[in-house]
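The values are calculated or read from the model by the stated rules, or taken from the named source; none is laboratory data. What you see is a predicted model; the values in this text were computed from it and never measured. Note that we place each Cβ from the backbone using ideal geometry, even for glycine, and neighbour counts take in every protein chain shown.
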Ligand SMILES: NC(=O)c1ccc[n+]([C@@H]2O[C@H](COP(=O)([O-])OP(=O)(O)OC[C@H]3O[C@@H](n4cnc5c(N)ncnc54)[C@H](OP(=O)(O)O)[C@@H]3O)[C@@H](O)[C@H]2O)c1
């Protein structure tokens, strides 16, 4: 995939120029090419999240200054893409949000935006058009009790999205938090909040059996399938209690015979861009709460 070097645009009045220190590779980067997703014209510069230093601020920008270390989500316009040395970011998108604490490296910070946004927008974006379950966000009073003691099942806990799904489930009070992963990732996932890690290489029927044993008869009303392959979607759907909610990161592929009439299972295919018009409000709110200086969730 082409990358572009040494391009140093002058930011418009409401934008900032960022010198990129770290960016990430995501499945999206190859899917754009393989499936022709999202990109309207070529040549296209890829890369959708990064961390770096503000190099120059547009004349109307109030909230950022030269030298600020920030993290941000890019988008599909070449000037906003992150596989290049300099990238332009609209200042309102970074609004206060994204200063990087001193104890977080650029590499670590660059891996935050997409995974976090994919989980947070799918859970909390309240816009009528949002692909979200519209639950109360972590900072809402109702969240303090709504999920307490209720199981969460996160399929693919060691994926980027999965690690945020575990952390937000933990912060929301879910318990137990059951996840599937390779065993060598179990310690990491427990450090993030998973209470049980089921070996994903077991046969699907055995994985389901383990999950049900751990839930101990409690209905699993929340499943986040961060992998969303056909196999994991079937597992997710089977584990989900009637009336429960399933979030997917890829298009629904659950066979029709699973979607039985009357089981009331709600399936939401999330769209993890905080820049999508229907996610903007949540994106800005989230950013202001991720900021580091007055205590943070990060
Ligand atoms: N809809 C959206 O807006 C959106 C946004 C972001 C991502 N996505 C999609 O979400 C998916 C995950 O993306 P990501 O960046 O989080 O992935 P990632 O970080 O590349 O995840 C890789 C990890 O997933 C785990 N994994 C793979 N197959 C698994 C399975 N069958 N069961 C359990 N774990 C499995 C493996 O963990 P182990 O090492 O533990 O085996 C692997 O190391 C991708 O398809 C991506 O395109 C969608």
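Just a yes or no: is a residue in the range 195-206 closer than 23 Å to residue 147 by Cα, surrounded by fewer than 21 Cβ atoms within 10 Å (Cβ to Cβ), away from the ligand (no atom under 13 Å from the Cβ) and free of Cβ contacts under 8 Å to residues at least 40 places away in the same chain? Yes - at least one qualifying residue is present in the range 195-206. Scanning the range 167-186 for residues that are farther than 24 Å from residue 120 by Cα and free of Cβ contacts under 8 Å to residues at least 12 places away in the same chain yields one hit, 184.
In this structure, residue 127 does not satisfy being touching a residue at least 40 places away in the same chain (Cβ under 8 Å) and farther than 18 Å from residue 270 by Cα. Look at (1) buried (at least 23 other Cβ atoms within 10 Å of the Cβ); (2) under 23 Å from residue 112 (Cβ atoms) and you find that residue 151 fails only one, number (2).
For residue 274, the criteria (1) within 25 Å of residue 140 (Cα to Cα); (2) in contact (Cβ under 8 Å) with a residue 60 or more places away in the chain; (3) in the same structural domain as residue 134 (by TED's automatic domain parsing); (4) within 13 Å of the ligand (Cβ to nearest atom) hold in every case but one, which is (3).
Looking at 128, 151, 113, just one residue is within 14 Å of the ligand (Cβ to nearest atom) and within 28 Å of residue 223 (Cα to Cα), and that residue is 113. As a summary of the residue check, residue 173 satisfies the conditions (1) surrounded by 20 or more Cβ atoms within 10 Å (Cβ to Cβ); (2) more than 9 Å from the ligand (Cβ to nearest atom); (3) not in a helix (DSSP H, G or I) except for the one numbered (1).
Applying the condition of being within 16 Å of the ligand (Cβ to nearest atom) and assigned to a loop (DSSP other than H, G, I, E, B) to the range 221-239 and asking which residue is nearest to residue 263 (Cα to Cα) yields 228. Would you confirm whether or not the range 4-21 contains a residue that is under 21 Å from the mean Cα position of the chain (by Cα), within 16 Å of the ligand (Cβ to nearest atom) and either crowded, with 16+ Cβ neighbours inside 10 Å or modelled with pLDDT of 90 or more (or both)? No, there is no match, as no residue in the range 4-21 is under 21 Å from the mean Cα position of the chain (by Cα), within 16 Å of the ligand (Cβ to nearest atom) and either crowded, with 16+ Cβ neighbours inside 10 Å or modelled with pLDDT of 90 or more (or both).
Here 257, 263 are screened, and the one residue that is assigned to a loop (DSSP other than H, G, I, E, B), modelled with pLDDT under 90 and farther than 30 Å from residue 101 by Cβ is 263. Return yes when residue 25 is out of contact with any helix residue (DSSP H, G or I) (no Cβ under 6 Å at 6 or more places or on another chain) and touching a residue at least 60 places away in the same chain (Cβ under 8 Å) and no when it is not. For residue 25, the condition - out of contact with any helix residue (DSSP H, G or I) (no Cβ under 6 Å at 6 or more places or on another chain) and touching a residue at least 60 places away in the same chain (Cβ under 8 Å) - is not met.
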